[in-house]
Amino acid sequence: MNLANKLTMIRIILVPVFLAFMVVNKPSTIIIATIIFILASITDKLDGYIARKRNEITKFGKFMDPLADKLLVTSALISLVEYGIIPAWVSMIIIGREFAVTGLRTIAASEGIIIAASWWGKIKTVTQMSAIICGLITLVYNYIFIKYATYVILTAAVIITIISGVDYFVKNKKALVTQN
């Protein structure tokens with residue numbers, strides 16, 4: 001297993017560790033969970049960079065990297081809903097978009113079409129992770145400016161999530177048209 005794939009697996013392993021610290025719900029454990037989330041988020045950028053730089057892009061990585069991202073973001077969003085930091089409908093939009101794009105990619109793959117990550121998808125990931133980090137910080141430091149920053153970044157994340165989802169479907173509608 002190459003380094004990029006090891007980083008992806010570390011990200012997956014960090015998800016239950018993150019959740020374990022979130023469940024305890026003490027300021028010290030929330031801080032640790034936030035640090036874990038940040039480290040896991042960094043591995044998302046790092047594993048792709050390493051795989052491209054070393055020309056070690058694998059089928060395993062193509063499958064597991066997006067899965068690891070979805071597990072990390074989904075677990076954090078659901079945790080923040082549980083703690084009342086973000087509304088459930090926001091999580092449903094973000095998670096729903098992930099299911100829809102994953103479904104599109106699956107259909108496309110069955111037709112031999114590879115759908116690469118788009119610029120909108122990358123911006124979506126950054127804004128979602130930034131909003132989650134702000135939300136996690138709000139659990140410990142309940143300052144109005146952090147709450148406001150969370151709200152602003154989360155709003156941007158939802159808008160960009162919708163735009164990126166529409167972008168994937170518009171650019172890849174040929175994958176949905178059957179040739180029968």
Total residues in the range 131-175, condition more than 21 Å from the chain's Cα centre (by Cα) and among the aromatic types (F, W, Y): 4
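Is it the case that I93 is of a type in the set (A, V, I, L, M), closer than 29 Å to N142 by Cβ, touching a residue at least 40 places away in the same chain (Cβ under 8 Å) and assigned to a helix (DSSP H, G or I)?
Values: of a type in the set (A, V, I, L, M): yes; closer than 29 Å to N142 by Cβ: yes; touching a residue at least 40 places away in the same chain (Cβ under 8 Å): yes; assigned to a helix (DSSP H, G or I): yes.
Answer is yes for this residue.
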Meets criteria (over 20 Å from I32 (Cβ atoms), in contact (Cβ under 8 Å) with a residue 12 or more places away in the chain and in contact with an Asp or Glu (Cβ under 8 Å, 6 or more places away or on another chain)) for T125: yes
Among (1) modelled with pLDDT of 90 or more; (2) crowded, with 16+ Cβ neighbours inside 10 Å; (3) not aromatic (F, W, Y), the one test that I115 misses: (1)
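Filtering the range 61-111 down to residues that are among the polar types (S, T, N, Q) and modelled with pLDDT of 90 or more, which residue is surrounded by the fewest Cβ atoms within 10 Å (Cβ to Cβ)? Can you show your working first?
From the range 61-111, those among the polar types (S, T, N, Q) are 74-75, 79, 91, 102, 106, 110; that's our starting set.
Subset that is modelled with pLDDT of 90 or more: 74-75, 79, 91.
Values: T74: 15, S75: 19, S79: 25, S91: 19.
Residue satisfying both the conditions and the ranking: T74.
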Hits in the range 2-16 (condition: farther than 17 Å from V73 by Cα and either in contact (Cβ under 8 Å) with a residue 40 or more places away in the chain or of a type in the set (V, I, T) (or both)): N2, L3, A4, N5
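Quick test for you: out of K124, K174, pick the one residue that is in a helix (DSSP H, G or I) and either in contact with a His (Cβ under 7 Å, 6 or more places away or on another chain) or at pLDDT 90 or above (or both). It would help to see each step written out before you state the result.
Details: K174 fails: either in contact with a His (Cβ under 7 Å, 6 or more places away or on another chain) or at pLDDT 90 or above (or both).
The match here is K124.
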Considering residues of the range 17-37 that are touching a residue at least 24 places away in the same chain (Cβ under 8 Å), part of a helix (DSSP H, G or I) and not aliphatic (A, V, I, L, M) only, the residue surrounded by the fewest Cβ atoms within 10 Å (Cβ to Cβ): P27
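The values are calculated or read from the model by the stated rules, or taken from the named source; none is laboratory data. Note that the coordinates shown come from a computational prediction; the quantities given were computed from them, not determined experimentally. Glycine also receives a Cβ, built like all others from the backbone with ideal geometry; neighbour counts cover every protein chain displayed.
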